[in-house]
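A.B. asks: Okay, here's the structure, questions in a sec.
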Amino acid sequence: MNSFEMFIRLNYITAREMAFVLMGLDYEALQSSLMVEQSAVHQRISRAISRNVNYYEKSERKQNISKVTNAEHVLAAAYPFIIEDVTPHIIIDHIDKAIMKITRESGWKDKLEMLGGESLLNRGKILHTGGRGDYKKNDEVKGNYKMIAVLIRMLAENGKAKYGSFSKPLVSEIYSDLAELCSRHGVDLKGLAESTFYKKVKEANSFINE
């Protein structure tokens, strides 16, 4: 079980942890492990989420990004801070489920507006009226990622010995041969940069047991 799979099983989380996963990082990452620019982004997102949750819960306590609180509230408040092409789909899907759950409550529009403003309220309206279609789309995304994960593992098990094994595929070796294959056949590697490939495979592994 990777860190994202573990995170979505938590009933109580912090704004600090939420900001880490929005950035595609382990929720237990150390602040000291971040680059200066990353740390600044993380702090801004953490404080914004914490402020909105604090206001929503009418907490008398001083704002604290490490305060453990109801996961649904933190997840909903995190919606406006999803980072396109960075936040893992497993986390985005988890956020949508939290929003959907709130839309079943009395006064849900006011709740969402307090937690995340107009953008969150609009997302809630979409999920409330057309949620089934949205989840069908999410299921398709999950299926695509699962297919990637299975294909990588099939290569590892049935391909060259250097590709590793089903349980431990050596992605660097697979990518090296993939890039060489594309070069020989004139296939543009746009969208298949090495870092992007690693990231997609890592995320795909989150859905292997879905």
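A.B. asks: Give the residues of region 141-182 whose amide nitrogen is closer than 17 Å to a point set 7 Å from the Cα of Leu189 in the direction of its Cβ.
C.D. replies: Only 171-182 pass the distance filter.
A.B. asks: What is the chain's relative contact order, in percent, from Cα pairs under 8 angstrom and six or more apart in sequence?
C.D. replies: 19
A.B. asks: What distance in nm lies between label points placed 7 Å from Cα along the C-beta direction at Lys101 and Lys199?
C.D. replies: 2.8
A.B. asks: Percent of alpha carbon pairs in region 14-92 separated by more than 20 Å?
C.D. replies: 25
A.B. asks: Which label belongs to the value computed from this structure, given these candidates for Cα extents along the principal axes in Å: (i) 51, 40, 37; (ii) 65, 42, 30; (iii) 61, 41, 30?
C.D. replies: (iii)
A.B. asks: Right, next: Under 18 Å Cα-Cα from Lys109, which lysines qualify once same-chain neighbours fewer than 8 residues away are excluded?
C.D. replies: Within the straight-line cut-off, Lys109 pairs with Lys58, Lys97, Lys101, Lys125.
A.B. asks: For the chain, what is the mean residue ellipticity at 222 nm derived from helices alone (per DSSP H run of n ≥ 4: -39500 (n - 2.57); sum divided by total residues; nearest 500 deg cm²/dmol)?
C.D. replies: Rounded to the nearest 500, it is -21000 deg cm²/dmol.
A.B. asks: While we're here: Taking the Cα centre of the chain as origin, work out the dipole magnitude from +1 charges on Lys and Arg Cβ and -1 charges on Asp and Glu Cβ, in debye rounded to 20.
C.D. replies: Here the chain has a charge dipole of around 380 debye.
A.B. asks: How high is the FRET efficiency between Ser119 and Ala179 when r is their beta carbon distance and R₀ equals 41 Å, given to the nearest 0.05?
C.D. replies: So, using R0 = 41 Å, E works out to roughly 0.60.
A.B. asks: Still on this structure: Once you charge only the Cβ atoms, +1 for Lys and Arg and -1 for Asp and Glu, what is the size of the charge dipole of region 96-207 about its Cα centre, to the nearest 20 debye?
C.D. replies: 300
A.B. asks: Over all directions, how big on average is the projection of the convex hull of the alpha-carbon atoms in region 86-210, in square nanometres?
C.D. replies: 9.5
Only the coordinates and a few stated rules stand behind these numbers; no lab work does. No experiment lies behind these values; they were computed from the predicted model shown. Cβ: placed from backbone, ideal geometry, glycine included. Neighbour counts: every protein chain shown.
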